[in-house]
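The values are calculated or read from the model by the stated rules, or taken from the named source; none is laboratory data. Just so we're clear, the structure is a prediction, and the values are computed from it rather than from any experiment. Positions of Cβ are backbone-derived with ideal geometry, glycine not excepted, and every protein chain shown enters the neighbour counts. To get the accessible areas, we keep the full protein, side chains included, count just its heavy atoms, and leave off ligands, DNA and RNA. Shrake-Rupley method; radii C 1.70, N 1.55, O 1.52, S 1.80 Å.
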Amino acid sequence: MFSSTKAFSGFSVNDLEKARAFYQEQLGLETEGLDEHMFTLKLAGGTPILVYAKPNHVPATFTILNFQVSNVEEVVDKLSAKGIKFLQYTGPIATDAKGIHRAEGEGPTVAWFADPAGNILSVVEGK
């Protein structure tokens with residue numbers, strides 16, 4: 001039924017202007033305002049991501065957006081220099097002091113961080 005239908009994803013934030021500033025200024029993404037309650041993130045590949053204001057927003061407890069990069073450590077250093085704090089995990093996805101999970105051949109190298117609304121994002125190493 002949907003095999004030829006375009007689709008897009010979206011997520012909520014509690015402060016639309018803070019979110020827009022973070023995605024534009026910290027991450028360098030282009031945004032397009034739709035109205036006073038939502039905007040889209042313009043990503044490589046052309047599929048937009050809808051970001052919308054929700055007064056009773058609760059941050060996702062899982063990764064909502066993954067950015068595929070060629071070198072996670074380099075990106076972590078650059079984002080850290082912009083003030084972004086990387087999340088620390090223990091257990092199966094344990095991270096090092098920089099917040100990087102180094103899978104050592106058992107999966108991708110990845111680092112997680114949060115947007116101003118507390119939603120979890122990642123940079124993941126890929127080709």
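Per-residue answers, yes or no, for (1) open to solvent by less than 30 Å² (accessible area, probe 1.4 Å); (2) without any contact (Cβ under 8 Å) to a residue 60 or more places away in the chain; (3) within 16 Å of T61 (Cβ to Cβ):
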position: V75; (1), (2), (3): no, yes, no
position: K82; (1), (2), (3): no, yes, no
position: Y89; (1), (2), (3): no, yes, yes
position: A97; (1), (2), (3): no, yes, no
position: E106; (1), (2), (3): no, yes, no
position: A111; (1), (2), (3): yes, yes, no
position: D115; (1), (2), (3): yes, no, yes
position: S122; (1), (2), (3): yes, yes, yes
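For segment 24-34, the criterion of being assigned to a strand (DSSP E or B), among the β-branched types (V, I, T), open to solvent by less than 30 Å² (accessible area, probe 1.4 Å) and free of Cβ contacts under 8 Å to residues at least 24 places away in the same chain is satisfied by at least one residue. Just a yes or no: is a residue in segment 95-107 in contact with a Lys or Arg (Cβ under 6 Å, 6 or more places away or on another chain) and not β-branched (V, I, T)? No - not one qualifying residue is present in segment 95-107. The residues in segment 36-60 that are more than 20 Å from I120 (Cβ to Cβ), open to solvent by 70 Å² or more (accessible area, probe 1.4 Å) and more than 14 Å from the chain's Cα centre (by Cα) can be counted, and the count is 4. Hey, any hits in segment 93-102 for a residue that's at pLDDT 95 or above, within 24 Å of E17 (Cβ to Cβ) and not in a strand (DSSP E or B)? For segment 93-102, residues at pLDDT 95 or above, within 24 Å of E17 (Cβ to Cβ) and not in a strand (DSSP E or B): absent.
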